[in-house]
1. For Val123 and Asp321 in one chain, what is 0.36 nm times their gap in residues minus the Cα-Cα distance, to one decimal in nm?
2. Summing -39500 (n - 2.57) over the DSSP H runs of n ≥ 4 in the chain and dividing by its residue number, what mean residue ellipticity at 222 nm do you reach, to the nearest 500 deg cm²/dmol?
3. How large is the dipole of the stretch 137-271 about the Cα centre if only Lys and Arg carry +1 and Asp and Glu carry -1, each at its Cβ, rounded to the nearest 20 debye?
4. Might you tell me the accessible area per residue for the chain, computed with a 1.4 Å probe and given in Å²?
5. Post the alpha-carbon centroid distance, the stretch 299-358 to the stretch 96-170, in whole angstrom.
6. How much of the accessible area of the chain, in percent, comes from carbon and sulfur atoms when a 1.4 Å probe is used?
7. Work out how much length Thr245 to Arg141 would gain on full extension: take 0.36 nm times their residue separation and subtract the Cα-Cα distance, in nm to one decimal.
8. Averaged over all directions, how much area does the convex hull of the C-alpha atoms of the stretch 270-351 cover when projected, in nm²?
Amino acid sequence: MGWNDWYQYGCQVSDQIVRANASAMVKSGMKAAGYTYVNIDDCWQGQRDAKGFIHPNDRFANMKELGDYIHSLGLKFGIYSSPGPKTCAGYEGSYGHEQQDADTYAGWGVDFLKYDWCSASKVYQPDQMQAAYRKMYEAIRSTGRPMVFSLCQYGLETVWRWGASVGGNMWRTTDDIGGDYNRVSLFGFQQNGLAKFAVHGHWNDPDILQVGLGHLNHEEQLTQMSLWCLLAAPLLAGNDLTKMTEETLQILTNPEVLAVDQDPDGVQGYRVSQEGPLEIWAKPLSGNAILVGLFNRSESAVRMEIPFKALGMNGPLQGRDLWQRKDLGVLQEHFFDEVPRHGVVLIKLKASSGKSGS
Ligand code: GLA
């Protein structure tokens, strides 16, 4: 769990912006809720010196000092590069400098590297992609400093099948998600079937949360957050943490919702059923519980129902609505509710010995 600057700041990102957001992560309660990584995306790079060492551009004074500041807040420091000569925004990539860059990052105290394919497609063939990622993984390993290794190549070459074997701790399964509900839901609901590739330390990554960025309404934001938690996805907030509304903060920090994303069993969810734009997803949780999301992708509110036998469970079950933070009592054979347009009802069910309820 953490934060990434890309969708809010793009190439305007600077030392000052990163510090302000790191500090806000603590003050806002995001850190207390579990958010830890402060990740700089593209556009921090300057030039290489005569010996080939990379330096930040003039929006960043000193990367080691920035890392020290982030660490002083009890947070972790993330950075970004490319296996190609240039990043997607045209800044210096790591091609031909992999070990040198990994050593530099380790010296700066980096804890996380997003490694974005971009111009690597100009110097490598698709069948060399795995080797290009493995090369950076080996370089990181030889520094002796643990770093989360985040593969970003937009889900090409069925990355979920080999991401872990090249040292990936997470791998993007989709193209860039930035945009409105159509894009977020297109990518999010496409994730079905990838559950078996997600294990502890190696996760499918459907990209950054769009909560608080202004393109999704309230229900649409609950949809992304719920689906990402069902998917056991990495949760990287993408908004300006220094100016969050109370609504944004509540969505990003609902403890019951975050707990199911971070469930110790680490199982990714799956689609239980689909009826046109109505989708029901489930995720097994520790303690014999199950998370269920009733998603309505249609243009008006719809009553949706989940019979427990579709989950392979028998009632009675105890229900809890995680967004309302309300107990639903003992439910006998099914659960139903009205789900708003583009919205979700997210419930946790667990075995009950009670006899009453519907
Ligand atoms: C690609 C990545 C994005 C972002 C940009 C930066 O498009 O997929 O997540 O890192 O590059 O240029």
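1. The span from Val123 to Asp321 would gain 66.2 nm if fully extended.
2. Values: 11 runs with 98 residues, N = 358.
It lands at -7500 deg cm²/dmol.
3. On the way: 8 positive and 16 negative charges, 110 e Å.
The dipole magnitude comes to about 520 debye.
4. Per residue, the chain has 41 Å² of solvent-accessible surface.
5. Using only Cα atoms, the two centres lie 42 Å from each other.
6. Details: 7150 of 14570 Å².
Answer for the chain is 49 percent, counting heavy atoms of protein chains only.
7. 33.4 nm
8. Numbers: hull surface 19.4 nm².
Dividing the Cα hull surface by four gives the mean projection, 4.8 nm².
The values are calculated or read from the model by the stated rules, or taken from the named source; none is laboratory data. Predicted, not measured: the structure shown is a model, and the values here were computed from it. When we count neighbours, we look across all protein chains shown, and the Cβ atoms used for this are built from the backbone with ideal geometry, even at glycine. What goes into the accessible areas is simple: the full protein's heavy atoms, side chains included, and nothing from ligands, DNA or RNA. Shrake-Rupley method; radii C 1.70, N 1.55, O 1.52, S 1.80 Å.
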